[in-house]
Amino acid sequence: MHSLAAETSKPPDMPGAVPVLTIFDVRHGVEERHLRNWLQGTAAVLPSNYVSLPISSESRSMNLGRLRELLDTDAATVVVPVRVSWRSRDFEEARRTRLRHLLFGDPRTPGQLRARWILWRDERRGHCIAGEPSTIGEMRARFEQTGIVENGNRETAFAEFVVRQAGVALDIAERELRGSRYKVPRFVAENLQSNPRFRRAISEMAQQSGKTEAELEQEAEAYMKELISRPTPFFIDMKAGLERFMLSLGYEGELSVDSQEVERFRKIIREKPTLVLFTHKTYLDGLAATDIAYRNDMPLIHTFGGINMAMPGLSTMMRGAGGIFIRRSFRDNPLYKLVLRHYISYLLEKRFPMTWAFEGTRSRIGKLMPPRFGLLKYVIDSAHSNDVADLHFLPVSTSFDLIRDVEDYVAELAGRSKKPESLSWFLGYLRSLKEPRGTIYVNFGEPVVVPRAPDPEDKLALAKIAFEVAVRANRVTPFTLNALMCLILMGAAPRGMTASELLTGILYFMEWGRQRGVRMAATLEGVATAGIDGLVGTLLNSGLFIRYDQGSQTVYAVEPAKHPVASYYRNTIIHHFLDRAIIELSLLKARELHRQPAAEVFWTETGRLRDLFKFEFFYPDKEEFRANLETELGQVDADWQLKLEHGGDKLHSLLNRFQPLIGHAVFLPLVEAYTVVLWILNGLKPGEVIDEASCVSQAIREGRFAYLMRRITSEASIAKTLFENGSKLMDNMGLAGETTAETTAERRKLLREFRDLSRRMEVSRVEGLRAADRVFDEGE
């Protein structure tokens, strides 16, 4: 990066005999005069043949008559684009948008009067730059190679092509001064409209739809205005400032991210067509990757969002900073799909990364949600149709100590309607972020590389890509202190834990996680030496935890009314414990059925648990699933096979090696929620049927009743998402249709199985507490 005091760049040296055509990219006469003075002050390039055009404004009404004339000359003529790059030390060092910038405009794009004033005060601020020169002949050859279909006069199409090439060359030169964060696509609509594939698709659609090509082109242009963002440095800086403000309102310091991962992130998005797919738990997690990219001078990341977020004022800034707002539904609009597909393809080909939440919506329950295929399908469709190769889907896991939205999620899961987004809602949301909420942690997974895009109608291929992105996002989700404490205390509930018990549990699971390659949040580093009061301070202040210090020892517990909130934070990491939890519950069943071969019971039960909770977690194929379980068994006990085969006391010994048991903390809310759904189905009379929406609505009411009657242990089990998954499971098992004698018998059988699971998890919880009590008694 050059300093503001650097000398104005020199025009490229040209042999004296070579004819030169200079293209001035100017917004007004002050810029043109400044460029002429610069050029005339050198012997390198004399502006005898030049044309002035407002290239930077991307105006569609540029008069290209003079340029067409100048291009119809010697093919050896060298074309040199030039521009004034306005500098502002204070603005560029802080990159902070202030009130005066909103009132008077971006100091990097001054109007005529302001530009004259700037040059009078300090001429160096009008930094003149020249783009890479090229001959008319070279550009004509490139024009022919692109296969551009001209929509009118061929010479006009060539002049438009030259203008776009000049703009790109100047942008590249200007990035040496301003940085890569301002790398933005130019003349996107014009490039799409002249693209041969797009033109052919319009022609084919005209034949099928009965509309003329002109009518379709006019409609497509309207869709382009709606879809295509037009980023500018001013709005890029403004959005970055707003993001930084939002991320810092309730969170401490910088984002917690590994510097080596940042460099890996930089390399990928610079060299590959990249889709940055982030986990979605709050409105803030989508800001993390874009904030990291901006602050580390990486190319602009385009952000997809729903059209519902295109609020007045905010949408102007977002579109000016790479925001792309997509309609919620356009299944029956093939022209809209066509424009979107080619726009995405253009961004991929030009190496402009894009980002969206691959879950499609914020997770209301803490666990990763099933991926939505909509945008993924259109990206694959774009790459497949336009031969874009080597796609990189980069998973980004964003974790939070505390999340402002969770209280809203709990209310939604209990049946309350979601508030619609609006500008007043957005301002209220900003105000609500001010409470201290700890740290934000960002982790980048290994990219899922797709060398050749599959057919977008290949649902299995799409599912495999989405599944692998989810698995890799889960893999890099770290243990956070708050999530670990919620897991441990929810596992002990309704019993509390002493400070020493809680600290011992944290350290145990930290070591367990490290041995399995689980990432640790930076705030866990000082846990061993920190006092528990210091660790739980934020959670106590938020009302999530309670502390009682009037007894012989201080005791901590989750506030009973806050169990659904604590369950959310626990759920953010329970996928790391899935294999262990399945092993524990399967060993407990093998121990109970002691007259049957223990190994046979164990492996049958692991498969059954996988099937019962197929809608809750991301499982590998069955062979890999079993191999993972065997790996976990081997890490806990090298003699696990011998003990499993012998059963009896050896099985007890194997199970004891898994203390403290955690299976109930992982599965209990799921089992209780599914049991509520089964109660409803078992209450149906012969011939009756209930649809999913009605079943879920009734389950929310029945769940509240069951909790008050203590038929379920926690309000964390009363969750719309869990009831929906339970209903899907019943449908998948053929139990959700019309009530018959057969379905009634199967429903009752499954209900007994879930009751058995609940009882086994209570055994798991009690045995864990007994182990803790033994430690306590020994300490006494």
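Things worth noting here:
- For residue 324, the amide hydrogen comes within under 5 Å of the amide hydrogens of 303, 304, 305, counting only partners 5 or more places away or on other chains and with H modelled in the peptide plane.
- Normalised by the number of residues in segment 278-389, the mean separation of alpha-carbon contacts (under 8 Å, six or more apart) gives a relative contact order of 33 percent.
- Expected 222 nm ellipticity per residue - DSSP helices of 4 or more, -39500 (n - 2.57), all of the chain, to 500: -17000 deg cm²/dmol
- Of all lysines in the structure, those lying under 16 Å Cα to Cα from residue 589, and not within fewer than 8 positions of it along the same chain, are 643, 650.
- When each of 272/622; 267/418; 350/459 is checked by Cα-Cα distance, pairs over 29 Å: 272/622; 267/418
- Computed from backbone phi, the HN-Hα couplings of segment 718-728 come to 9, 9, 3, 4, 5, 5, 4, 5, x, 5, 5 Hz, rounded to whole numbers (Karplus: 6.51 cos²θ - 1.76 cosθ + 1.60, θ = phi - 60°; Gly and Pro given as x).
- Where Rh is the Kirkwood radius over Cα pairs, Rg/Rh for segment 667-763: 0.94
- Measuring between their Cα centroids, segment 495-518 and segment 276-306 lie 32 Å from each other.
- Aspartates and glutamates whose Cα lies under 13 Å from that of residue 562, excluding same-chain neighbours fewer than 8 positions away: 407, 408, 715
- Going by accessible surface with a 1.4 Å probe and the largest first, 556, 619 read 619, 556.
- Ligands, DNA and RNA left out, the accessible area of the chain computed with a 1.4 Å probe is 50% carbon and sulfur.
- Residues with amide H under 5 Å from that of residue 545, placed H, sequence gap 5 or more: 540, 559
- Each Cα pair under 8 Å and six or more residues apart adds its sequence gap; the mean of these over the residue count of segment 493-642 is a relative contact order of 17 percent.
- The mean sequence separation of alpha-carbon pairs under 8 Å and at least six residues apart, normalised by the residue count of segment 578-680, gives a relative contact order of 39 percent.
- Packing around the peptides 524-533, 153-162, taken as the average count of other Cβ atoms within 10 Å per residue, puts them in this order, highest first: 153-162, 524-533.
- Solvent-accessible heavy-atom area per residue, rounded to whole Å², over the chain at 1.4 Å: 44
- Relative to one another, the C-alpha centroids of segment 156-181 and segment 325-387 are positioned 28 Å apart.
- Pairs of Cα atoms in the chain fall into 10 Å distance bins, from 0 up to the last occupied one, in shares of 2, 12, 19, 21, 17, 12, 8, 6, 2, 0, 0 percent.
- The gain in end-to-end length when the residue 697 to residue 112 segment is fully stretched comes to 204.3 nm, 0.36 nm per residue minus the alpha carbon separation.
The values are calculated or read from the model by the stated rules, or taken from the named source; none is laboratory data. Since we're looking at a predicted model, the values are computed, not measured. With ideal geometry, Cβ positions are generated from the backbone for all residues, glycine too; neighbour counts draw on all protein chains shown. For the accessible areas, the whole protein counts, side chains as well, though only heavy atoms, and no ligand, DNA or RNA atoms are used. Shrake-Rupley method; radii C 1.70, N 1.55, O 1.52, S 1.80 Å.
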